[in-house]
Amino acid sequence: MVVLLALFLVLQSQVALALERPYPALWMDFREGRLSLEVHEGAWESVLQELHYRTGIRLHLYIRMEGPLSLSFKDLPIERALRRLFGPEANF
């Protein structure tokens, strides 16, 4: 019984720490021409920097990307992924 109580207290403290330190706002992967992205209330600047780092693509934006970004997709071809990020009317 004491062991169960101790285990419960340890698990409870780990859950509390996880809630205090949320997962990173940004995760991105680029392999074989496919992009995966997981971002939760991330800054556009961070997403664009990571996109350049992972893909080598240099983006020239003519509009300011404001506000936090929350988006998730997995293994999309790069053009389709960019359209998910910037909208269907984006010019590549």
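The values are calculated or read from the model by the stated rules, or taken from the named source; none is laboratory data. Note that the structure is predicted; figures quoted are calculated from it, not measured. Cβ placement follows ideal geometry from the backbone for every residue including glycine, while neighbour counts extend to all protein chains displayed. Keep in mind that these areas ignore ligands, DNA and RNA; they rest on the heavy atoms of the full protein, side chains included. Shrake-Rupley method; radii C 1.70, N 1.55, O 1.52, S 1.80 Å.
Annotations
- Restricting the stretch 83-92 to residues that are surrounded by 12 or more Cβ atoms within 10 Å (Cβ to Cβ) and not small (Gly, Ala, Ser) leaves a set whose member that is farthest from Gly42 (Cα to Cα) is Arg83.
- Residue check for Arg80: assigned to a helix (DSSP H, G or I), basic (Lys, Arg), surrounded by fewer than 15 Cβ atoms within 10 Å (Cβ to Cβ) and without any contact (Cβ under 8 Å) to a residue 12 or more places away in the chain: yes
- In the stretch 35-74, the qualifying residues are those that are hydrophobic (A, V, I, L, M, F, W, C), surrounded by 11 or more Cβ atoms within 10 Å (Cβ to Cβ) and assigned to a loop (DSSP other than H, G, I, E, B), and the one that is nearest to the chain's Cα centre (by Cα) is Ala43.
- Any pair with Cβ under 9 angstrom, 6 or more apart, that starts in the stretch 59-77 at a residue that is among the aromatic types (Phe, Trp, Tyr) and ends at one that is part of a strand (DSSP E or B) and open to solvent by less than 50 Å² (accessible area, probe 1.4 Å): Phe73/Leu35; Phe73/Ser36; Phe73/Leu37
- Pair list, Cβ < 7 Å and 6+ apart or interchain, from the stretch 31-52 residues that are within 17 Å of Ser72 (Cβ to Cβ) to residues that are of a type in the set (Gly, Ala, Ser) and part of a strand (DSSP E or B): Leu37/Ser72; Glu38/Ser72; Val39/Ser70; His40/Ser70; Glu41/Ser70
- Matching residues, the stretch 49-88, being among the hydroxyl-bearing types (Ser, Thr, Tyr) and over 14 Å from Arg34 (Cα atoms): Tyr53, Tyr62, Ser70
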